[in-house]
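Worksheet: the structure to be examined is printed underneath.
The values are calculated or read from the model by the stated rules, or taken from the named source; none is laboratory data. The structure displayed is predicted, hence computed values, not measured ones. Don't worry about glycine lacking a Cβ; one is built from the backbone with ideal geometry, like all the others, and counts go over all protein chains shown.
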Amino acid sequence: MELKMVSEHVGFLTTRVKVGVLADGDRCILVDSGLDSGTAKKILSFLGREGYSVVGVINTHSHADHCGGSSYIKGRTGAKVYASALEAAIIENPSLEPIYFAGGANPPQELRNKFMMGEACKVDQIIEEGKLEAYPLQVDVISLPGHSPQQIGVLAENTFFCADSVFPSEVLEKHRIIFLHNVHDALESLKRLTTVDCEYLLPSHGELLKRDELEKLVNLNRESIEMVEKTILENLDYPLEVCELVARVLNHYNLSIESYSDYHLFSSTIKAYLSYLQEKDLIEFKVKNNRSLVSKKPFLLEQ
């Protein structure tokens, strides 16, 4: 682990999922907290050796790899925890995440793991877009929904921590279909990124970018989304059950999914695309012979 400073008060830890460090003197606020208590313990130990005490954690969203360490940090330091309203509900009640992946049902054990639900943590302050006085610094909170319902980014001095609103090319190539909650919002957030006045951007799963490197990456992410949309539509000339559509799309991308939780991440994302396509009036849903079907318009019952 290393602390890389971008400016006098702003840096980040080179953890698997980047953690922002907003420092003033010997006190700092973190942007996200890592996957779990083990990660958080290493973060606190490292920052302690560097002479910093953690007084706050701003969670960009409620996915466990970003907020799973918040409870440990809060318990050890008394740090104040910040999050947007809907993300806070899940951070405080992490079982909600596997519940919604299970369609609202009591989730099976395969969905109850530390990657699907972080340790519960009380959120001290609900935050919205705008200025945030988060001692010892003032930052700008910028709404970036899409990857999750109320994801936010944090602009501090000249650096924008843009969470999971954009992914580096190697992540796009590896996963092919990036997890999304709302496709329309994700596309709008990509546009929003290009309007933020900053010198540097830090995607949580990538490396520090200069401002002039952003447009190319935004275009790659947009093209990735558009390709998934195109692939889904190409498979809906005739009605399909959603599970069959999921299999066809995964096969198209040569993805072989063996993990139950991974399957539900991909399935949920494809359902997000279906909602987006319905909003564009390109597809419709029907139930026939006790089967839930989806198809392009017009809905043709016979192949």
* Asked: Which condition number does Glu8 fail, the rest of (1) surrounded by fewer than 21 Cβ atoms within 10 Å (Cβ to Cβ); (2) part of a helix (DSSP H, G or I) being met?
  -> (2)
* Those residues that are in a loop (DSSP other than H, G, I, E, B) and modelled with pLDDT of 95 or more, I need them from the stretch 238-249; list them, please. => Pro239
* Structure fact -> Per the filter on the stretch 54-64, residues free of Cβ contacts under 8 Å to residues at least 60 places away in the same chain and closer than 20 Å to Asp164 by Cβ are Val57, Ala64
* Out of Asp26, Asp36, Asp32, sole residue that is crowded, with 20+ Cβ neighbours inside 10 Å, of a type in the set (Asp, Glu) and either assigned by TED's automatic domain parsing to the domain that holds His61 or touching a His at 6+ places or on another chain (Cβ under 6 Å) (or both) -> Asp32
* To do: Output the residues belonging to the stretch 248-303 that are more than 14 Å from Leu233 (Cα to Cα), in contact with a strand residue (DSSP E or B) (Cβ under 6 Å, 6 or more places away or on another chain) and without any contact (Cβ under 8 Å) to a residue 40 or more places away in the chain.
  => none
* Asked: Does Tyr82 meet the test of being among the aromatic types (Phe, Trp, Tyr) and touching a residue at least 40 places away in the same chain (Cβ under 8 Å)?
  -> yes
* Identify, from the list Lys271, Lys296, Lys286, the residue that is under 14 Å from Ile177 (Cβ atoms) and among the basic types (Lys, Arg). => Lys271
* Structure fact -> When His184 is run through (1) over 13 Å from the mean Cα position of the chain (by Cα); (2) part of a loop (DSSP other than H, G, I, E, B), the failure sits at (2)
* Determine if the stretch 115-126 includes at least one residue that is farther than 18 Å from His9 by Cβ, surrounded by 22 or more Cβ atoms within 10 Å (Cβ to Cβ), at pLDDT below 95 and not small (Gly, Ala, Ser). => yes
* Structure fact -> Residues of the stretch 28-50 being touching a helix residue (DSSP H, G or I) at 6+ places or on another chain (Cβ under 6 Å) and more than 14 Å from Gly75 (Cβ to Cβ), in sequence order, are Asp32, Gly34, Leu35
* Asked: From the residues in the stretch 39-70 that are of a type in the set (Ser, Thr, Tyr) and surrounded by fewer than 24 Cβ atoms within 10 Å (Cβ to Cβ), which one is nearest to the chain's Cα centre (by Cα)?
  -> Thr39
* Looking at the stretch 190-234, which of its residues are without any contact (Cβ under 8 Å) to a residue 24 or more places away in the chain, surrounded by 16 or more Cβ atoms within 10 Å (Cβ to Cβ) and not in a helix (DSSP H, G or I)? -> Leu209
* Unique match (being buried (at least 24 other Cβ atoms within 10 Å of the Cβ), within 24 Å of Ser165 (Cα to Cα) and not β-branched (Val, Ile, Thr)) among Tyr82, Tyr100 -> Tyr82
* Of the residues that make up the stretch 252-267, is at least one assigned by TED's automatic domain parsing to the domain that holds Ala102, over 23 Å from the mean Cα position of the chain (by Cα) and closer than 22 Å to Glu170 by Cα? -> no
* Can you find even one residue in the stretch 161-182 that is surrounded by fewer than 20 Cβ atoms within 10 Å (Cβ to Cβ), touching a residue at least 40 places away in the same chain (Cβ under 8 Å), under 30 Å from Asp26 (Cβ atoms) and touching a strand residue (DSSP E or B) at 6+ places or on another chain (Cβ under 8 Å)? -> no
* To do: Among the residues of the stretch 24-35, write down those that are aliphatic (A, V, I, L, M) and either closer than 18 Å to Leu208 by Cα or in a loop (DSSP other than H, G, I, E, B) (or both).
  => Leu30, Val31, Leu35
* Got a sec? Which helices (runs of 4 or more DSSP H) wholly within the stretch 62-172 have at least 1 residues that are more than 17 Å from Ala40 (Cα to Cα)? -> 85-92, 96-101
